[in-house]
Amino acid sequence: VDVFQAWCGPCKPVVNVFQKIRNQVGSDLLHFAVAEVDSIDALEKYRGQCEPVFLFYTGGELVAVVRGADAPLLQKTILKHL
């Protein structure tokens, strides 16, 4: 989940990274979503930050958090949890 604030928007360059990995591993294994922290109370702790935050869930549980648009780290994290 790409967690963002309304004033900065979702991290569009990272979408390409997710698309590439999703094409490699299959669309059934990887799902990408965006969430605006200003409108979701459960994400309140991520408000006021100026860097993108990516939350990784497996089976409904948070398994990893990556801060910043670090494509190699995002790819490593995705592949680790698949």
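The values are calculated or read from the model by the stated rules, or taken from the named source; none is laboratory data. Computed from a predicted model, the values in this text were never measured in an experiment. Ligands, DNA and RNA are stripped out before the accessible areas are found, and what is left, the full protein with its side chains, is counted by its heavy atoms. Shrake-Rupley method; radii C 1.70, N 1.55, O 1.52, S 1.80 Å.
A few comments on the model shown:
- For the chain, averaging the sequence separation of C-alpha pairs within contact (under 8 Å, six or more residues apart) and dividing by the residue count gives a relative contact order of 33 percent.
- Average projection area in nm² (convex hull over Cα atoms of the chain, one quarter of hull surface): 5.1 nm²
- Solvent-accessible surface of the stretch 42-82, averaged per residue with a 1.4 angstrom probe and all protein chains in place: 64 square angstrom.
- Cα-based helix-to-principal-axis angle, 12-25 vs the chain, degrees rounded to 10: 30 degrees
- Calculated mean residue ellipticity at 222 nm for the chain: -9500 deg cm²/dmol, from DSSP H runs with n ≥ 4 weighted as -39500 (n - 2.57), summed, divided by the residue count and rounded to 500.
- Between the Cα long axis of helix 71-81 and the first principal axis of the chain there is an angle of about 70°, rounded to the nearest 10.
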